[in-house]
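Heads up: the structure comes next, in structure tokens.
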Amino acid sequence: MLIYVIRHGESEDDLSDSYGGAANFVLTDHGREQAKATAKTLKDANISAVYTSPLARASESAAIIAAELGGLPIETISDLRERNTYGVLSGHTKDRARELFGYLIDSLPFKPGEWPYCVPGGEEYEPFVKRVRAGFEEVVSRAVGGNHENVAMVTHGKFTMGLFTGVLSLGEEYGKDHGSVNVIEYYLPRLVY
């Protein structure tokens, strides 16, 4: 099975200089164009199903990709959502977060968003990696159950990092940009009698 791991297109938090993470931002017009461009790169991939994070920037990207590829079925999987890296800062512009939580930001021994740490109120690394594994396993299970050989999984930057580094131990050599596509060749276990 080929699993196309796709990062959503540019979203509103990128333009407003906000802490995204678990906050539910929508795509920008440029992000929608990125999703269309991603679909064009996948036109010959024979994808038959799309699985997506429930967050708007991913689900909107998934809807665009599915439509561009001929109206593919889309299923939402909660565990594909982005890591809550920014905790109490999520959803705030960086300037507003500094006004509200400057004392907290100044006390952190890391920069908000720096891997693998999280801001108070965020999702700690080990539980996050467990969730990423569960999300990936659910994609595989649903794909197998639907007899799909090639599927798309639309998710987020930190999720992809967690998948490639924490779950699959493949390192950090993968596409990280908005709209990027990484391909995992997944071999299903075979029973031998």
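Things worth noting here:
- Yes/no for residue 182 being under 13 Å from the mean Cα position of the chain (by Cα) and within 23 Å of residue 53 (Cβ to Cβ): yes
- Number of the condition not met by residue 63 [criteria: (1) under 23 Å from residue 136 (Cα atoms); (2) surrounded by fewer than 23 Cβ atoms within 10 Å (Cβ to Cβ); (3) in contact (Cβ under 8 Å) with a residue 12 or more places away in the chain; (4) not charged (D, E, K, R)]: (3)
- Any hit, the range 108-131, residues being over 24 Å from residue 14 (Cα atoms), out of contact with any helix residue (DSSP H, G or I) (no Cβ under 8 Å at 6 or more places or on another chain) and of a type in the set (D, E, K, R): yes
- Pairing residues of the range 137-159 that are at pLDDT 95 or above and assigned to a helix (DSSP H, G or I) with residues that are acidic (Asp, Glu) and surrounded by 15 or more Cβ atoms within 10 Å (Cβ to Cβ), at Cβ distances under 7 Å and at least 6 apart in sequence or on separate chains, gives 138/79; 142/75; 158/82; 159/82.
Let's see how each residue does on (1) surrounded by fewer than 16 Cβ atoms within 10 Å (Cβ to Cβ); (2) among the hydroxyl-bearing types (Ser, Thr, Tyr):
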residue	(1), (2)
90	no, yes
99	yes, no
102	yes, no
112	no, no
118	no, no
121	yes, no
127	yes, no
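- Here the condition is being within 24 Å of residue 162 (Cα to Cα) and in contact (Cβ under 8 Å) with a residue 24 or more places away in the chain; of 54, 109, it holds for 54 alone.
- Number of the condition not met by residue 83 [criteria: (1) of a type outside the set (Phe, Trp, Tyr); (2) buried (at least 17 other Cβ atoms within 10 Å of the Cβ); (3) without any contact (Cβ under 8 Å) to a residue 12 or more places away in the chain]: (3)
The values are calculated or read from the model by the stated rules, or taken from the named source; none is laboratory data. Everything numeric in this text was worked out from a predicted model, so none of it was measured. Because the Cβ atoms are built from the backbone with ideal geometry, glycine has one as well, and the counts that use them run over all protein chains shown.
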